[in-house]
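The values are calculated or read from the model by the stated rules, or taken from the named source; none is laboratory data. Note that the structure is a prediction, hence the values are computed from the model and not measured. Every residue, glycine as well, gets a Cβ built from its backbone with ideal geometry; the counts of neighbours run over all protein chains shown. When the accessible area is computed, the model is the full protein with side chains, heavy atoms only, and any ligands, DNA or RNA have been set aside. Shrake-Rupley method; radii C 1.70, N 1.55, O 1.52, S 1.80 Å.
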Amino acid sequence: MIQANGLSFRGFFKAVNLFPDTLCLNGTVYRVKTLLQKGCQVCLPGIESDVIDFLAQWYGPQNTITVHTSGSTGPPKAIFLEKKFVAQSAMRTLEFFKLKPGQRILLCLPLRYIAGKLMVVRALLGRLDLCTAEPTDDFDFLAQWRDNPFRFAAMVPNQVIKLLEYPKRFAALGSLLIGGSSLPAILETELQTVSTACFASYGMTETATHIALRRINGPAASDFFHCLEGISVGLSPEGCLTIEMPGLNGVGPDESDLSGAPLTTNDLAELVDRTTFRILGRADNVIISGGIKYFPETIEKKLENKIEQPFFIGSLPDEILGRRMVLVIEAMSDNSLEKRVTHVFDQCLDRYERPKKIVFKESFKRTETGKIIRQF
């Protein structure tokens, strides 16, 4: 087992042991050594055993952990993140949400991806009670915990949609972090009525989850993301967001400066300042039609509350325009539906934003975190 190691973050956090001796799991404090040696006897197969598998990696001899991208914009790929870098991300979240030792947090994300792994690291470093639920759970158990809510949870939009079927269950969640894919406008609207403090996250596997958060509901709700401590952003010459943070490029985190070159993302952004921004869309989704540049995500936002079926804006080759915009909808071909959607175009879109064709596709491909793969 790797020896305990210390980490301090730019003078903002106290030094912390990356490899504590114990983990509180579902209300019981275990010695990590016991979990690693007798995990199959302590936990049934499922998410708890996945937690133990990750502990074996975290407490292993390597200085890095292996994580995989979601595969929404290409084949999933393996990325190696330094444990100190991952720990910094966990500590930023602990500080932002003011999580204290002994508080209960809910893990309901798969451990295959970085978001699930970070919940375990947060519990370890923050000495939190890590409570588990299968990612496919219907969350009916939350009804029993409204008088003793979980202090913090993280979910993907599909899970939040499921939770909204029974809004009273939100009373069992203090703060909810939502990530994994963009937040549908209709979902954001529905979250205005819940008591839970809801946040959208911006980040990626390479940054060990979120580098910025946006409050969705309540008096502090905003359209803009705000960077967490020690992180700043900029724009590339092409208008894509760039990220600066300690240890980003595999260089050991440093307490006094930002290590390594900025990471250039594929997300087109608008900046207010070096720590405040909003995302306009992905650069590889931009459609140039008739010499005009269109951002599909911006157009989709205008249509989300009007079209019930999942959809996205894509394009097809065109001899005159170069590319022509189309709306791809997850449904069987239906003349009446096509007329309704065309009417929505008339109501919601400017003349030049209107898709030239509606393409029906019986079923979209999706990543495991629920992102639509834009192929048709």
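Points to keep in mind about this one:
- Per residue, the chain exposes an accessible area of 48 Å² to a 1.4 Å probe, with every protein chain left in place.
- Shape of region 116-184, Cα gyration tensor, a/c cut at 1.5: oblate
- Helix 114-126 axis versus longest C-alpha principal axis of the chain: approximately 30°, rounded to the nearest ten.
- Interchain or long-range residues, amide H under 5 Å from LEU248's placed H: SER259
- Working from Cα pairs under 8 Å separated by at least six residues, relative contact order for region 157-230 is 24 percent.
- Between 0 and 90°, nearest 10: helix 47-58 axis offset from the chain longest Cα axis: 70
- For Cα extents along the principal axes in Å, the candidate list reads (1) 74, 47, 46; (2) 106, 75, 54; (3) 65, 47, 39; the entry that matches the value derived from this model is (3).
- Here the chain has 50 percent of its accessible surface on carbon and sulfur atoms, given a 1.4 Å probe and all protein chains in place.
- Volume of the convex hull of region 80-154 (Cα atoms only), normalised per residue: 78 Å³.
- With the convex hull drawn around the C-alpha atoms of region 114-250, the volume per residue stands at 130 Å³.
- Cα-Cα over 31 Å, subset of LYS306/LYS365; LYS84/LYS302; LYS84/LYS293: LYS84/LYS302; LYS84/LYS293
- Relative packing of 150-163, 219-232, which averages over residues the other C-beta atoms within 10 Å, highest first: 150-163, 219-232
- In this view, the solvent-accessible surface of CYS240, computed with a 1.4 Å probe and all protein chains in place, comes to about 10 Å².
- Region 121-199: GluC sites (Glu not before Pro) in DSSP loop, at most 11 other beta carbons within 10 Å: GLU165
- Mean residue ellipticity at 222 nm, helices only, the chain: -7000 deg cm²/dmol; runs of at least 4 DSSP H residues each add -39,500 (n - 2.57), and the sum is divided by the number of residues.
- Within the chain, percent of DSSP bridges classed antiparallel, to nearest 5: 70
- Length-normalised contact order of region 271-336 in % [C-alpha pairs under 8 Å, at least 6 apart]: 26
- Three-way shape label, region 276-376, alpha-carbon gyration tensor, a/c 1.5: rounded
- Cα shape, region 32-147, gyration tensor, a/c 1.5 rule: rounded
- For the chain: relative contact order, % (alpha-carbon pairs under 8 angstrom, 6 or more apart): 11
- Shown in residue order for region 178-188 are the 3J(HN,Hα) couplings computed by the Karplus curve 6.51 cos²θ - 1.76 cosθ + 1.60 at θ = phi - 60°: 10, x, x, 6, 5, 8, x, 4, 5, 5, 4 Hz (x for Gly and Pro).
- Between 0 and 90°, nearest 10: helix 83-96 axis offset from the chain longest Cα axis: 80
- Multiplying each eigenvalue of the alpha-carbon gyration tensor of region 170-250 by 5 and taking the square root yields semi-axes of 26, 14, 11 Å, largest first, rounded to whole angstroms.
- Overall Cα dimensions of region 215-335, principal axis frame, Å, largest first: 62, 40, 25
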